[in-house]
Amino acid sequence: MSTTTTTSLDGFHASDTAQRADDLARAFFDAVNERSSIDELVDRGFLSYDVRGTRSRTGLKRYYADLRRSFSELRFEVHENVGVLVEGDLVALRTIITGTHAGDYAGVAATGSRIQTSASHIFRVRDDRLVEHWPVLDSYRILVAIGAIPGAASVFQRDYLRVDESPGGLFQERPGTEFGDSGGRVVSREESRAVVRRLYDGVIATGRAEDADMVADDYIQNSGWTPDGLAAFVSAIAVNRGALPDGRAIQTQMVAENNRVASRSVWDGTVAGSGVAADFTTLDFFRVEDGLVAEHWESVDWVRAYQAFGLLSDEINGG
């Protein structure tokens with residue numbers, strides 16, 4: 001991932017409270033990376049919620065300790081092109097995870113393979129401490145890298161999205177536009193939030209091209225599951241709507257700041273081809289420019305998504 005010259009710490013936040021929340025989230029991952037204590041950063045009543053259940057502060061420390069046993073040189077780096085977003089008591093950010101498979105993970109012994117994936121996070125802050133946490137981890141990229149599962153992404157792109165397959169069964173991710181002034185007019189939090197709500201209530205809900213007027217023609221999709229551009233995005237969403245006709249992306253949290261929005265969603269519905277109830281989460285980040293969605297990053301629980309589409313066995317543990 002490229003090094004940027006500007007981050008969300010460089011004048012992006014309008015208040016000292018938001019700046020401290022940004023610093024707090026970064027300090028948490030610095031502590032995880034350095035194997036130092038998180039107790040000064042995380043409240044004793046902290047709870048972290050993901051698809052595998054709820055972890056306390058102690059449970060989260062055990063989780064990261066287990067990851068370090070599985071992966072040497074494990075690091076969570078803030079995805080600076082996305083930035084750290086703060087609204088009220090919520091903080092949202094995307095992290096890039098790297099490491100080397102050096103111990104058992106999901107039942108697979110050490111392979112020495114390098115891994116890279118993402119985990120996106122929403123934290124709640126109270127009294128300058130982290131008190132709640134909603135992560136979305138893309139464990140699919142890890143499991144493919146260590147040879148635990150086949151590359152289902154290629155089949156998903158070919159048979160469902162009808163776009164070119166990514167090599168090796170892994171979407172080709174890019175860092176995206178560097179953080180900073182996009183050159184357009186100033187965009188308020190309220191406008192950005194309204195644009196993203198229209199996206200979810202519009203084309204994502206209906207799959208119709210006429211409901212995608214909030215997406216820029218030169219839309220940038222950084223996570224690789226579909227090509228750039230409005231036409232490719234609408235086509236992929238339409239195919240998704242056909243495969244999941246009663247499906248909805250239910251937004252559970254939104255964090256908006258200036259021209260950036262983070263949206264965590266639970267995907268609910270029945271996959272037409274398999275008859276399986278979809279049950280997965282995504283955490284999406286958007287950059288808004290001139291009243292339009294201009295750019296997109298996300299972390300997706302692809303293992304559970306592919307299981308719903310019948311592309312992976314239900315016996316696979318996402319790790």
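Just so it is clear, none of the values below were taken in a lab; they were calculated from the coordinates. Please read all numbers here as calculations on a predicted model, not as lab measurements. Cβ placement follows ideal geometry from the backbone for every residue including glycine, while neighbour counts extend to all protein chains displayed.
Odds and ends about this structure:
- When only Cα pairs below 8 angstrom with a gap of at least 6 residues are kept, segment 179-247 shows a relative contact order of 26 percent.
- Within a Gaussian network of the chain (alpha carbon springs, distance under 10 Å), most fluctuating of Arg185, Arg57, Arg126: Arg185
- Residue (of Gly83, Asn222, Ser48) at the positive-pole extreme of the chain, dipole from beta-carbon charges: Ser48
- Charging the Cβ of each Asp and Glu at -1 and of each Lys and Arg at +1, and nothing else, the dipole of the chain about its Cα centre rounds to 880 debye.
- GNM top mover of Ala109, Ala25, Ala243 - the chain, alpha-carbon springs below 10 Å: Ala109
- Calculated mean residue ellipticity, 222 nm, the chain: -7500 deg cm²/dmol, from DSSP H runs (n ≥ 4) at -39500 (n - 2.57) each, averaged per residue and rounded to 500.
- Under 9 Å, Cβ to Cβ, from Phe285 - net charge with Lys/Arg +1 and Asp/Glu -1: 0
- Positive-end ranking of Val144, Leu60, Ile122 along the dipole of segment 16-149, with charges on Cβ about the Cα centre, is headed by Val144.
- Of all complete DSSP H helices in the chain, those with a Cα span along the helix axis of 15 Å or greater and a mean Kyte-Doolittle hydropathy of -0.5 or more are 230-243.
- For the chain: relative contact order, % (alpha-carbon pairs under 8 angstrom, 6 or more apart): 16 percent
- Summed side-chain charge close to Leu85 - residues other than Leu85 whose Cβ falls under 15 Å, Lys, Arg +1, Asp, Glu -1: -3
- Positive minus negative residues near Ser154 (Lys, Arg vs Asp, Glu; Cβ under 13 Å): -1
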